[in-house]
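This report concerns only the one structure given below.
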Amino acid sequence: MYLAYSVLTFVAFVAVSPYFVYQAVRYQKYIGSLRQRLGLLPIAFNVDGEPSIWMHAVSVGEVLMARALAADLKTRYPHLRLFLSTTTITGQQVARRNLQHVDGTFYFPFDWTFIVRRTLALVKPQLFVMVETEIWPNLLRACRAAGVKTAVVNGRISQRSYPRYRLIRPFFRRVLADVDRFGMESEQSARRLIALGADPRRITVTGSLKFDSLERPGARAHGRTRERVLRFFRVAPGRTVLVAGSTMRGEELVVLRAFAAVKQTQPGALCVIAPRQPERFGEVVQLARDAGFVTARRTELPIDAEPRADVVVLDSIGELAQVYQIATAVFVGGSLAEFGGHNILEPAICGKPIVFGPHMQNFSEIAAAFVSNGAAIQVPSERDFDEAIAALVTDPVRRARLGAAARALVEANRGARDRTLAIIAELLPLPGRPMVRPFRVVH
């Protein structure tokens, strides 16, 4: 089975390689990361061969969740180095800028046996931690053979991904046996994992690290604020600001149409659009200009001044969470188009009224909790989206009620960090402390 998996992944890599070549030529992506993806890390990366904890976070969202654990891991295990790998370039950029407690970052290796063995030999982990359900069969098998403990934290089996896992259940069950502990974000995800063949005795429902990873507005990092970006948005009191975060292709036109309706009654309104994919920044700028709006990129704005544009495209990485603070209303993308939705917690901690579409499969439990608690608005269609935005920008009482409920829901759901650290302590016991065994799912 493992040989078949390796062959299939190699064939898939060859099949999609023209796309990666195109991305490399046009956007300069992947070129600088290829050596690391082949397991060829710089010699100085861990030159003394010190033991470590290796955390893997695919992209920006997972990196921010890893941040919730990094400081505690360094405090609890000062004798171990802490390394973080990412899959995406944006994740790598955010990790280097925001995870001060990490000793080094690198790109995740291709999951072929000879490559992962080479990476393990240099990183020398005593524990490998996967943020969310990042299951890599050859790496996990190599960890088991090398005696490296493994854990999934904030594990999630979404409604959208569950049918795909079921198609390969016999193989998936063998792979899951190589994971020592699973910290799942919800009981529903835990039940799905058990149905796929995981041992219930290895599963703990910890809650979601997404709540613990959120920094309250105004939080400072090593003596400096993370909110420097707000100096580019010195918005006058009373100016309506619509922030559309993590938008996908097809959604920007819907946002711009709704914004045009807002401009008819509030001519000074501002719209900030943050496309999910950096390579689409230029495309979205052109869409806004074609729609007749004065449009600017965030990187073109003067500091300590109010944007004079109608639309600002956030063509930067890692700034969206702070920009939510200036919003009158927020749309979280990937939800009107069928992409499964994106994280709604960042605007929630800012106390902002949130609107999202019908396609929230990747965050179904969080979305349902927000809607049922009156902490967000879910619209079934594009027309309903237009109406929801128009109503919110003219109703300050409802905005305040939604925002307060959203912030309260975030605060009520913190606590996953301590439960996750307890799981890790089972695998790497803390010297001189009694072992704490967290609650497990029992079926």
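The values are calculated or read from the model by the stated rules, or taken from the named source; none is laboratory data. Predicted, not measured: the structure shown is a model, and the values here were computed from it. A quick note on method: Cβ atoms are made from the backbone with ideal geometry, for glycine too, and the neighbour counts reach across all protein chains shown. Surface accessibility is based on the protein's heavy atoms, side chains included, excluding ligands, DNA and RNA. Shrake-Rupley method; radii C 1.70, N 1.55, O 1.52, S 1.80 Å.
Which net charge results for the neighbourhood of P358, defined as the other residues with beta-carbon distances under 11 angstrom from its beta-carbon, given Lys and Arg at +1 and Asp and Glu at -1? The answer is -3. One quarter of the surface of the convex hull around the alpha-carbon atoms of the stretch 122-179 equals 4.1 nm², the direction-averaged projected area.
Across the stretch 260-299, Cα-Cα distances exceeding 11 Å account for 67% of all pairs. Take the alpha-carbon centre of the stretch 167-221, take the same for the stretch 358-388, and report the distance between them in whole Å. Centre-to-centre distance over Cα atoms comes out at 24 Å.
If you run the Gaussian network model on the chain, springs between alpha carbon atoms under 10 Å, then out of L230, L320, L242 the most flexible one is L230.
Just add up the charged neighbours of T150: K/R +1, D/E -1, any other residue whose Cβ is under 9 Å from the Cβ of T150. After counting each charged neighbour, the total is +1.
Charged neighbours of G61, selected by a Cβ distance under 9 Å, balance to -1 (K, R count +1; D, E count -1). Under the convention that each Lys and Arg Cβ holds +1 and each Asp and Glu Cβ holds -1, the size of the dipole of the stretch 269-353 around its Cα centre is about 100 debye. Placing +1 on the Cβ of every Lys and Arg and -1 on the Cβ of every Asp and Glu, with nothing else charged, gives the stretch 16-102 a dipole about its Cα centre of roughly 260 debye. With the whole protein complex present, K74 retains an accessible surface near 50 Å², based on a 1.4 Å probe. Taking max minus min of the alpha-carbon positions on each principal axis, the stretch 213-321 gives extents of 42, 31, 24 Å, largest first. Largest accessible area first, the residues R398, R289 order themselves as R289, R398 under a 1.4 Å probe with ligands, DNA and RNA left out. Non-local lysine pairs in the chain, meaning eight or more places apart or on different chains, with alpha-carbon distances under 19 Å, amount to 4.
Taking a virtual spin label 7 Å from the Cα of A400 along the C-beta vector, which residues in the stretch 334-369 bring their backbone nitrogen under 17 Å of it? Residues 351-354 fall inside that zone. Each of P237, Q361, L402 was placed along the dipole of the chain (beta-carbon charges, centred on the mean Cα), and the one lying farthest toward the positive end is Q361.
At full extension, A291 and Q100 could sit 64.6 nm farther apart than now, given 0.36 nm per residue minus the alpha carbon distance. Computed with the Debye formula from one identical point scatterer per Cα of the stretch 1-140, without solvent, the log10 of I(q)/I(0) at q = 0.09, 0.13, 0.21, 0.22 Å⁻¹ comes to -0.27, -0.58, -1.40, -1.48.
The ellipsoid that matches the Cα gyration tensor of the stretch 1-51 has semi-axes, each √(5λ) in whole angstrom, of 26, 21, 5, with the longest given first. For the pair F13 and D72 in one chain, pulling the backbone fully straight at 0.36 nm per residue adds 17.5 nm over the alpha carbon distance. If only the Cβ of Lys and Arg carry +1 and only the Cβ of Asp and Glu carry -1, the dipole of the chain around its Cα centre is close to 1020 debye. The HN-Hα couplings worked out from phi for the stretch 277-282 by the Karplus form 6.51 cos²θ - 1.76 cosθ + 1.60 (θ = phi - 60°) are 9, x, 5, 9, 3, x Hz, whole numbers, x standing for Gly and Pro. Between the beta carbons of Q266 and R26, assuming R0 = 22 Å, the FRET efficiency works out to 0.05 to the nearest 0.05. Here the convex hull built on the C-alpha positions of the stretch 306-357 has a volume of 102 cubic angstrom per residue.
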